[in-house]
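Undergrad: Questions regarding the structure given below will be posed in turn.
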Amino acid sequence: MNPTYGFNLMWQTTRMTMDAQAVIAMRLVKIAAGGAAGQAEANLMISEKMRALGESHAIALRAIGSADGGAARITKLYQRKLAANRRRLSKI
């Protein structure tokens, strides 16, 4: 395995965590505002999380026996989803 692999994955995960905090903050503002938009955001958040869980589970199952167990692919999956939510929520 590449010696920098672990560091790269750690950096990607740290960056993803910071992005997640920004998305959480934007979602909380929208949900706290209430109304139909707040309810729709709460519902969307739950359905997105369930879909992402299923997708990451499928990646992990396909990666059984691999060196990283699919960690890099799962991280990329969540990074894409976070980026999409950040773009969508930033348009408010």
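Undergrad: Might you report the magnitude of the Cβ-based charge dipole of the chain about its Cα centre, with Lys and Arg at +1 and Asp and Glu at -1, to the nearest 20 debye?
TA: The calculated dipole for the chain is roughly 280 debye.
Undergrad: Sticking with this one: What's the carbon and sulfur percent of the chain's accessible surface, probe 1.4 angstrom, rounded to a whole number?
TA: 66 percent
Undergrad: If packing is taken as the average count of other Cβ atoms within 10 Å, what order do 67-74, 27-34 fall into, highest mean first?
TA: Taking the mean over residues of other Cβ atoms within 10 Å, the ranking is 67-74, 27-34.
Undergrad: Something else about it: Grab the Cα-Cα distance for residue 48 and residue 63, subtract it from 0.36 nm times how many residues apart they are, and report the gain in nm with one decimal.
TA: Result: 3.2 nm gained on full extension.
Undergrad: In the chain, what is the count of Lys pairs whose alpha carbons are under 17 Å apart, counting only pairs at least 8 residues apart or on separate chains?
TA: 4
Undergrad: With a ≥ b ≥ c the root eigenvalues of the C-alpha gyration tensor of the chain, is it rounded (a/c under 1.5), prolate (a/b larger than b/c) or oblate?
TA: Values: a/c = 3.95, a/b = 1.91, b/c = 2.07.
Verdict is oblate for the chain.
Undergrad: Follow-up question, since we're still on this one. May I ask you to evaluate 6.51 cos²θ - 1.76 cosθ + 1.60, the Karplus curve with θ = phi - 60°, for each residue of the range 75-89 and list the ³J(HN,Hα) values in order in whole Hz, giving x for glycine and proline?
TA: Running phi through 6.51 cos²θ - 1.76 cosθ + 1.60 with θ = phi - 60° gives 4, 5, 4, 5, 4, 4, 5, 5, 4, 5, 5, 4, 4, 5, 6 Hz.
Undergrad: Next up: What does the extension gain come out to for residue 24 and residue 79, with contour length at 0.36 nm per residue minus their alpha carbon separation?
TA: In short, 18.4 nm is gained.
Undergrad: With a 1.4 Å probe and all protein chains left in place, how much accessible area per residue does the chain have, in Å²?
TA: Per-residue accessible area for the chain comes out at 69 Å².
Undergrad: Provide the per-residue ³J(HN,Hα) series for the range 52-60, in order, calculated from phi with Karplus coefficients 6.51, -1.76, 1.60 and θ = phi - 60°, each as a whole number of Hz, with x at glycine and proline positions.
TA: 5, 4, x, 5, 5, 5, 4, 4, 4
The values are calculated or read from the model by the stated rules, or taken from the named source; none is laboratory data. Owing to the predicted nature of the structure, the values given are computational and were not obtained by experimental measurement. Every residue, glycine as well, gets a Cβ built from its backbone with ideal geometry; the counts of neighbours run over all protein chains shown. With ligands, DNA and RNA removed, areas are computed over all heavy atoms of the protein, side chains included. Shrake-Rupley method; radii C 1.70, N 1.55, O 1.52, S 1.80 Å.
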